[in-house]
Amino acid sequence: MKFPKNVILESVAERRNDPDYGLEFVQELGNDDAGFDEMIVVIFKYKDKYYSVDIQHLNGKNNYDDWADEVECPEVVRKEAVQYYWEEVKQVVNN
């Protein structure tokens with residue numbers, strides 16, 4: 001689905017909602033190192049569906065500088081994963 005560039009950049013890309021347009025910021029994923037280089041994916045909600053947009057600032061260039069007036073944002077769904085870890089077995093000493 002396409003969304004206006006200015007709405008994306010002024011709202012969800014800044015971690016804010018846009019109640020007038022109906023966008024709700026949900027989550028930011030990726031690497032943001034204080035403005036030097038960043039590669040993030042912003043997840044936002046619009047009319048009960050979730051969408052994502054990639055924001056990149058690499059080597060002084062912003063990917064959004066090349067966007068048209070409307071940005072194609074794919075619909076996404078949340079998938080949950082179980083994460084396991086290994087822990088040392090502690091032996092109980094009985095006296």
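Here, each number is a calculation from the coordinates, and none is a lab measurement. Computed from a prediction, not measured in an experiment: that's the story for all the values here. Using ideal geometry, Cβ is built from the backbone for each residue, glycine included, and neighbour counts are taken over all protein chains shown.
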Segment 69-95 residues that are in contact (Cβ under 8 Å) with a residue 60 or more places away in the chain, paired with ones that are surrounded by 10 or more Cβ atoms within 10 Å (Cβ to Cβ) and in a loop (DSSP other than H, G, I, E, B) (beta carbon under 7 Å, 6 or more apart):
C73/M1; E75/M1
Has segment 76-84 got any residue that is within 24 Å of R15 (Cβ to Cβ) and touching a Ser or Thr at 6+ places or on another chain (Cβ under 7 Å)?
yes
